[in-house]
Number of protein chains: 4
Amino acid sequence: MKNPDFELKFKVRDYECDLQGIVNNANYQHYMEHTRHEFILTKGISFADLHAKGIDAVIARVEIAYKSPLRSMDEFVSQVRVSIDGVKQIFYHEIYKFPEMRLCVRAKAENVCLINGELSICDDLNKLLTNK
Amino acid sequence: MKNPDFELKFKVRDYECDLQGIVNNANYQHYMEHTRHEFILTKGISFADLHAKGIDAVIARVEIAYKSPLRSMDEFVSQVRVSIDGVKQIFYHEIYKFPEMRLCVRAKAENVCLINGELSICDDLNKLLTNK
Amino acid sequence: MKNPDFELKFKVRDYECDLQGIVNNANYQHYMEHTRHEFILTKGISFADLHAKGIDAVIARVEIAYKSPLRSMDEFVSQVRVSIDGVKQIFYHEIYKFPEMRLCVRAKAENVCLINGELSICDDLNKLLTNK
Amino acid sequence: MKNPDFELKFKVRDYECDLQGIVNNANYQHYMEHTRHEFILTKGISFADLHAKGIDAVIARVEIAYKSPLRSMDEFVSQVRVSIDGVKQIFYHEIYKFPEMRLCVRAKAENVCLINGELSICDDLNKLLTNK
């Protein structure tokens, strides 16, 4: 990904692999969620604190293209870039296996904010996310 | 969903909820995977047996629209319908919360088959899946 | 188990198996937790409601003997019996694979209650749990 | 722990927390498993390779004392020390939260090796594990 806003290095844990010996599909959503939460932490925002304040960031839509599988103990980088589109924060994700930088997953996750359960525009969050 | 090929009843388990008190996004992929695997079992095909024979069914692409969240101990039905498109088996999923049948998730998952690691058309599988 | 207080039927989901093709150790804690939570629901107590009221049931200690593994799509019964010991609720668990009723796991889980973060005796809970 | 054989730093990922806002009990087994697998990797042994060779390391028994909970994004160190006892490899685990080094979990996990499904003494593994 050109100019990611944030990236994080991971290593596959064996319990993340299923009986096919490859990382189970659902776990890539975990990797991407953790990448987003670490990214927003660099902006001073904690997912848990947001929840405690009545602001729930929730994924409204996700598209994931699985390009090649990760296996036991593989190391990889998870990259993310964000853009704002009305009420949505759109996160673009790419995951590359080290060291050959083989593309494993490309995804787009659309996030919205519920404030006390109501869909809301979160200007403060948007400003922080796009503040380079 | 009109005319699902298969449906399965579930109940949310508390460990599937995260600190927001709602089912974590990734777990819907688990629900849908289990629904597919139970569906193909009704056709006499086991995911584990396929793997043991060198045939790996893998998800190449998924799109998930999260419509409304599931919470602790909610009961729901997970429906699936399949169609064949070249090398792909396309699974359409819908998840509805009981008893009001509120739509929670609508998704499309594209599956492909790797035979000994090579992308292959799996005629036997396709015939069984579409045999009503 | 003689005279379980509660039992629940499960089926292994493929994502619960790891690269050895058997259910990953940690998932038995999930099965047992879900069994406990369904058990207390029969007594009119919800784990989520308890948390919302400031009462957190937490496991303080667990011993698990893994006797034989569960595999893809195995069906099993998870049994539980409870006894009260001072501040602790002690849950005895056994998991048997169908149909041969082969013992898979035997465990003992000691639960305590935190009320607003303080270790407390939960008389109401104890009375309900032991009320046959 | 005095003289751990190996230790690994982790950070809690939000999806590992449940609706109580604390890391779910089962996930500590995941942390400890990953610590063991990284430890044996430093000895040149891969859990996945062992499985591919027909050698399955499986946990026969575990005792876990949960001393204090980990929360969203907490950083911690997971320590392990091994000793050999007949057919068993006994792993002693302790998990401490940074930076105050508060004890969170103390555990003992007994591992055995199945070679082509039969309980076996794994001398090569034992030699490597205890070779300082």
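The numbers here are math on the coordinates, done by the rules we state, and not lab data. No experiment lies behind these values; they were computed from the predicted model shown. So basically every Cβ, Gly included, is an ideal-geometry build from the backbone, and we count neighbours across all protein chains shown.
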Lone cysteines in chain D, defined as no other cysteine's Cβ under 4.7 Å from theirs: which are they? D:Cys17, D:Cys104
Across the residues of B:31-42, average count of Cβ atoms on other protein chains within 10 Å? 3
Which distances, in nm and shortest first, link the D:Lys108 label point to the same label point in every other copy, taking 7 Å along Cα→Cβ? 1.3, 5.6, 5.6
Once the Cα gyration tensor of the range C:1-58 is diagonalised, what are the square roots of 5 times its eigenvalues, in whole Å and ordered largest first, as equivalent ellipsoid semi-axes? 26, 16, 9
At A:Lys2, label 7 Å along Cα→Cβ: distances to the other copies, nm, ascending? 4.5, 6.0, 7.5
So what is the calculated 222 nm ellipticity per residue for the protein assembly as shown, using -39500 (n - 2.57) for each DSSP H run with n of 4 or more, over all residues, to the nearest 500 deg cm²/dmol? -7500 deg cm²/dmol
How large is ³J(HN,Hα), in whole Hz, for each residue of the range B:38-43 in order, when computed from phi with the Karplus curve 6.51 cos²θ - 1.76 cosθ + 1.60 and θ = phi - 60°, using x for Gly and Pro? 5, 4, 5, 4, 5, 9
Give the average, rounded to an integer, of partner chain Cβ atoms located within 10 angstrom of each Cβ in B:62-72. 5
About its Cα centre, what dipole magnitude does the range A:6-130 give when the only charges are +1 on Lys and Arg Cβ and -1 on Asp and Glu Cβ, stated in debye to the nearest 20? 300
Around C:Ile59: net Lys/Arg minus Asp/Glu count, Cβ-Cβ under 13 Å: -2
Work out, step by step, the length gained on full extension between D:Ser83 and D:Ser120: first 0.36 nm times the residue separation, then minus their alpha carbon distance; give nm to one decimal. 11.7 nm
I want to make sure I understand the PRE zone here: with the label point 7 angstrom from the Cα of D:Phe98 toward its beta carbon, which residues in the range D:60-87 have backbone N atoms less than 12 Å away? D:74-78
Equivalent-ellipsoid semi-axes of the range C:6-130, from the Cα gyration tensor, Å, largest first: 28, 14, 13
The range A:63-130 versus the range B:34-49: alpha-carbon centroid distance in Å: 31
With the Cα gyration tensor of the protein assembly as shown in hand, give its eigenvalues times 5 under a square root as the equivalent ellipsoid semi-axes, listed largest first in whole angstrom. 32, 29, 27
Pseudo-label separations to other copies for D:Glu75 - Cα-to-Cβ vector, 7 Å, nm: 1.9, 4.7, 5.0
